[in-house]
Structures are given as C-alpha cells and as structure tokens.
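First the structure, in the form of structure tokens, and then the observations on it.
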C-alpha cells in the first residue's frame, strides 16, 4: 500500500523536542525574511544574493535543530544486566 506503516514507526516527539521544532520554524521564517530583504536591495542579482544569504543561514539552523531534537530525546535508564 502507499501509506503502509513500517514495523517500527518513528517515536512521538516530547515537549522539549516540539519546542525545538517550533524554534527552528521561527528561525527559518526569519531567515527567509532577512534573505528577501537583503536580496531586494540588489534587484539585478536577486536570486544569487538570496540563495547565498539564505543557505548560509539555513544550513547551521538545520544542523542546530537536528542536534537539539536528538539532544532532547527521552533517555530510558538501562536496567538490563544491572543488579541491586
């Protein structure tokens, strides 16, 4: 089927991970705004200026967002093999 779920679906995001996603979304919207603003000052070279500014800000934002989402994962205590 087209929408068949795999045997191990991705886990739900916890609250901290959701806030990281929201912060990433807001940062990307701000980056698009700044990129369009700076590119509009040079209308003859709008596209190259936009792409240079936008992607130079987007790549670190995505890297930081992925790092934050992974960092905010729920950690389960490893109980296997530990005796009290």
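The values are calculated or read from the model by the stated rules, or taken from the named source; none is laboratory data. If you're wondering where the values come from, they're calculated on a predicted model, not measured in any experiment. FYI the Cβ positions are ideal-geometry reconstructions off the backbone, even for glycines, and counts take in every protein chain you see.
Worth a mention:
- Residue in segment 17-24 that is in contact with a helix residue (DSSP H, G or I) (Cβ under 7 Å, 6 or more places away or on another chain) and at pLDDT 95 or above present: yes
- Boolean, residue 25 is surrounded by 11 or more Cβ atoms within 10 Å (Cβ to Cβ) and assigned to a helix (DSSP H, G or I): yes
- Residue, surrounded by the most Cβ atoms within 10 Å (Cβ to Cβ), within segment 28-49, restricted to residues that are over 30 Å from residue 75 (Cβ atoms) and within 20 Å of the chain's Cα centre (by Cα): 35
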